[in-house]
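Below you'll find the structure, written out as C-alpha cells, and then a few comments.
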Amino acid sequence: MNRGKGSGTGPFRATVKGVAAAAACLLLLSCSRPATPDASQRRIVAPENWGDRQETRAQVADHWLATLGSTGLTQLVETALENNQTLQQQALAVEIRKEQLVRAGSALWPSLDLALKRSRSRAVSAPAASDAASVDLNLTYELDIWGKLSADARRANRLLLAEQASYAQARQDLVARVANAWLTVLQADRLLRLFQQRVDNARENQAIIESGYRRGLNSALDVYLVRNELNSQISRVRDQESVKVAALRALERLLGQYPDGRLAVSAGWPVLTEDIPLGMPSDLITRKAGLVASWNRLLAQDAALAFAHKQRFPSLNLTASAGDRGNELDDLLKGSPFAWSLLGSLTTPLFNAGRLRAGEAAAALEVKQAEQAYLDDLYGAFEAVENALTRDDSLRQRYQAMVKAQENAIIAATLSFEQYQKGLVNYTTVLEAQNRSFEAQTTVIQLRKQRIANRVDLHLALGGDFDAAPRTDESTAAEQDVTDKDL
C-alpha cells in the first residue's frame with residue numbers, strides 16, 4: 001500500500017480502461033444468452049361460470065363467519081387466532097422472510113468494514129522481535145451492471161409476498177377448521193342427547209313390558225328383547241360420550257389449549273337461509289390467498305433463474321481502503337499521513353466444470369416445476385369450489401328428504417308401540433320401527449352438520465374472508481409499488 005498524496009492515480013486510470021475494454025468484449029459474449037422467461041406473460045383461461053350456474057357474477061361475500069350467527073364461535077375463533085401454535089409458526093416464517101429480504105437488498109449497497117490489527121514477529125536471524133499495528137477502513141462495492149443482485153432481491157421480495165399470502169391463507173384455514181370442529185362438537189352433543197333419549201325410551205318400554213309379563217300379557221321373549229335393547233343403547237351412549245370428548249379435545253388443540261376435553265360449548269345450529277354469491281371463476285385467481293402465494297413462488301423462481309443466468313456474467317467490483325500503520329497501537333491516528341488505495345476489478349468465470357451452466361439449467365427446470373405446481377394449485381382450487389357446490393345441492397336435497405323421513409318414522413314408531421300394546425303386532429316390529437325412527441333422527445343431525453360444514457368449506461374455497469373488510473385493487477397495487485420501490 002502506497003503512502004502520499006495522489007499515490008496510485010496513474011495505475012488506477014490504466015486499470016479502469018482495461019476493465020472497460022474487457023467488459024465491452026465480455027458483454028457481447030455473455031448477452032448472447034436468451035433472456036429469462038417472464039412469468040407475468042403467462043395467461044390462465046378460466047370458465048365464465050361455476051358449473052351450470054348462470055348468475056354467478058355477484059361479488060363473493062366477506063364476513064362469512066358472522067352469517068353463522070354464533071357469538072360463542074366468534075370467541076373461539078379469536079382465541080385460536082391468538083394462541084394456535086401452527087399459526088404462530090407461520091407468522092414467524094413471515095418475519096424470517098422479511099429479514100432475508102433485508103439481507104438480499106443489502107447486496108445492492110456498499111459494504112464498509114473497520115479492521116484493527118496488532119502483530120509481533122521475529123525472523124530467525126533477527127536480534128529482536130518487531131511489532132506492527134494497523135487500522136484500515138475498507139469499502140467494497142459490486143456494481144450491479146447486469147441486474148444480478150436486483151434479481152436476487154426480487155426473488156427475496158416475491159418469497160416474502162408468498163409467505164405473507166400463505167399466512168393469510170393459514171388464517172382462513174384455521175378459522176374454517178375451528179368452525180368445523182365446533183360443528184363436530186355440536187353434532188356429538190346432539191347425538192349424545194338422542195342416544196340418551198333412546199335409553200330413556202328403552203327403560204320406559206322395559207317397565208311396560210315387564211309389567212305386562214307379570215300379568216301374563218307379554219311373553220318372556222319380549223322381556224329379553226327390551227332388555228337387550230336397553231343394554232345396547234347404554235353402550236352406545238358410553239361410546240358417544242367418548243366421541244364428544246375427543247371432538248372437544250380436537251377443538252381445544254386448535255385453540256392452542258391443553259386438550260382436557262372440558263371446554264364448555266353450548267349453541268344452537270346455524271340456520272342456512274339462502275345461497276351465497278359465488279363470483280366468477282376468474283376472481284378466484286386474485287381472491288384466494290393460497291393461489292396468490294403459489295403465483296409469487298413462481299415469480300420468485302423466475303427471478304432465481306435470472307440470477308443463475310447472470311452468475312455467468314462478469315462481475316465488476318470496486319474496493320477502496322484507507323488506513324494507518326505503526327509499531328504500536330498508540331502510534332496510530334497521531335497525525336501521520338494515511339495510506340489509501342482504490343481498486344477496480346473485473347472477474348469472469350472461464351472454467352468451472354459446468355457448475356454455473358448446470359445451475360442455470362436446474363433453475364430453468366425449477367421454473368417449469370413451479371409452473372406446474374401453480375397450475376395444480378389453481379385447478380385444485382377450481383375443483384374444491386365445484387365439489388363444494390355439488391355437495392351443497394346434494395346435501396340440501398338429502399336433508400329435505402330425511403326431514404320428511406324422520407317425521408314419518410317417528411309417527412310409525414309411536415303407532416307400532418300402540419299396536420303392540422293392543423296385541424296387533426309383535427315386539428320385533430316395534431324395535432324395527434323405533435330403530436328406523438332413531439336412525440332417521442341420527443341422519444338428520446349428521447346431514448345438518450354436513451350442510452353447514454360444507455357451506456364453511458365453500459366460503460373457504462371461494463376465497464371469502466371470514467371477517468376482514470375487502471381490499472380494493474388500488475390499495476393492493478399501491479402496496480405492491482411501495483414494495484418494489486424499496487428494492
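The values are calculated or read from the model by the stated rules, or taken from the named source; none is laboratory data. Note that the structure is predicted; figures quoted are calculated from it, not measured. Heads up: the accessible areas ignore ligands, DNA and RNA and are worked out on the full protein's heavy atoms, side chains in. Shrake-Rupley method; radii C 1.70, N 1.55, O 1.52, S 1.80 Å.
Couple of notes before you dig in:
- The stretch 365-411 - Rg and Dmax from Cα coordinates, angstrom: 20.0, 67
- Calculated on the alpha-carbon coordinates, the convex hull of the stretch 239-385 measures out at 400 cubic angstrom per residue.
- Across the accessible surface of the stretch 353-475, with the other protein chains kept in place and a 1.4 Å probe, carbon and sulfur atoms take up 51 percent.
- Largest to smallest principal axis extent of the C-alpha atoms in the stretch 249-307, angstrom: 56, 37, 9
- Alpha carbon centroid spacing (whole Å) that separates the stretch 136-199 from the stretch 278-300: 14 Å
- Debye log10 I(q)/I(0) at q = 0.22 Å⁻¹ for the stretch 107-181, Cα point scatterers: -1.00
- Across all directions, the shadow cast by the convex hull of the stretch 99-141 built on its C-alpha atoms averages 4.8 square nanometres.
- √(5λ) per eigenvalue of the Cα gyration tensor, the stretch 83-208, largest first, Å: 72, 24, 8
- Over 30 Å between alpha carbons, listed pairs 117/310; 244/404; 117/148; 310/368; 98/310; 148/368: 117/310; 117/148
- Equivalent ellipsoid semi-axes - Cα gyration tensor, the stretch 338-447, angstrom: 78, 15, 14
- A viscosity of 1.567 mPa s and a temperature of 4 °C, combined with the Kirkwood radius over Cα pairs in Stokes-Einstein, give a translational diffusion coefficient for the stretch 216-265 of 97 µm²/s.
- In this structure the stretch 242-379 gives 54 Å² per residue of accessible area when probed at 1.4 Å with all protein chains present.
- Directionally averaged projected area (convex hull, Cα atoms, the stretch 64-133), nm²: 11.0 nm²
- Residue 429 accessible area, assembled protein chains, probe 1.4 Å, Å²: 60 Å²
- Using the Cα coordinates of the stretch 143-299, the gyration tensor eigenvalues translate into equivalent-ellipsoid semi-axes of 60, 17, 12 Å, sorted from longest to shortest.
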